[in-house]
Amino acid sequence: MPATGDDAAYAALFAKIERERGFRGNLYRQKCLRRRVGVRMRARGLTSIADYSALLDSDPAEYDWLLRVLTINVSKFFRNKETWDAIGNELLPGLLARGEPVLLWSAGSAAGEEAYSLAILVWERLAACGRGKVNGVRIIGTDIDEESLELARSAEYPEVALSETPEEIRQRWFVSGPVNRLKDPIRTMVEFRNVDILENRPDFEADLILCRNLLIYLDRPAQGRVFEMFVDVLRPGGYLVLGRVEMLAREVKEHFDVVDARERIYQRR
Ligand SMILES: C[S@@+](CC[C@H](N)C(=O)[O-])C[C@H]1O[C@@H](n2cnc3c(N)ncnc32)[C@H](O)[C@@H]1O
């Protein structure tokens, strides 16, 4: 991105946000983050970054609003049907048939929509095979945004989160009302944790990593580091599923076979 007069002001703003709240804005794509800061500045009627920075000092609650906008935690159950068809029909049957413990990780899980979508598919697959038990399957959702994680644990969703959910799944697994409440046992199948994937390698090994629509917000070196971490976390034969517009970094291609180029599904060698 060409240098502008605002560069120093944004750098100072992101350094301050990192100091106060630990969010490392310098590792994300700048154009996108700046646009989002602009959204908050307009909402507060401000036009200068210096004034907005001063506002953060006088009204620290603005940090919460800003981080909500910066982390872009929008998700839906079963978003991109074709990807979920591939996960349900091509990946899960083999993983679940292994007869060994299986760990499925939704990295950047937002309010849990993806992690619970996985749990529904796992449950239905095991039920279809006459295996009612999910003991050997761990599903972990992680995110950097504590508020999203709280929503995930509450397992209550607005209508819009279900707009891509097949009707029969909705009928079976949600109690509808002013909010849509996910039923047990799906709710209890997923564990949520706060993990900043730019900072920490989680303390588990995974058979499937679902990381969609997070890497696009990171700059290339940060993406590369996350991919290296995924290579380390994935067990041989495990799968990595990215978002539709995300690409495997060149540096890690040698560690993967392409399973489905369109759905961005890769298998660890
Ligand atoms: C656009 S949402 C994607 C949600 C879901 N994966 C999907 O595709 O529907 C991106 C999520 O990544 C999370 N996120 C951003 N930076 C992160 C980081 N460094 N570590 C962990 N999660 C992060 C955000 O908080 C947000 O919930």
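Figures for the structure shown
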{"item": "Computed label-point distance, nm, for sites V245 and R220 using a 7 Å Cα→Cβ extension", "result": "1.8"}
{"item": "Difference of contour (0.36 nm per residue) and Cα-Cα distance, E147 to A128", "result": "3.3 nm"}
{"item": "Sequence-distant residues sharing a close amide H with Y28 (under 5 Å, placed H)", "result": "D219"}
{"item": "Under 19 Å from K253, Cα to Cα: aspartates and glutamates that are on another chain or at least 8 residues apart", "result": "D207, D219, E228, D232, E263"}
{"item": "Size of charge dipole - the range 7-71 - debye, nearest 20, with Cβ of Lys, Arg +1 and Asp, Glu -1, no other charges", "result": "420"}
{"item": "Estimated [θ] at 222 nm from DSSP helical runs (n ≥ 4, -39500 (n - 2.57)) normalised by residues in the chain, nearest 500", "result": "-12500 deg cm²/dmol"}
{"item": "Built amide H within the under 5 Å cut-off of L198, gap 5+", "result": "none"}
{"item": "Charged-residue dipole, Cβ positions (Lys, Arg, Asp, Glu), the chain about Cα centre, Debye nearest 20", "result": "380"}
{"item": "Sequence-separation-based contact order of the range 83-150, relative, with Cα cut under 8 Å and 6+ spacing, percent", "result": "42"}
{"item": "DSSP-defined beta bridges in the range 81-268 - what % are antiparallel, rounded to 5", "result": "35"}
{"item": "Positive-pole candidate from T188, G224, S109, dipole of the range 81-268, charges at beta carbon", "result": "T188"}
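None of the figures in this text is laboratory data; all of them are computed from the coordinates on show. Predicted, not measured: the structure shown is a model, and the values here were computed from it. Positions of Cβ are backbone-derived with ideal geometry, glycine not excepted, and every protein chain shown enters the neighbour counts.
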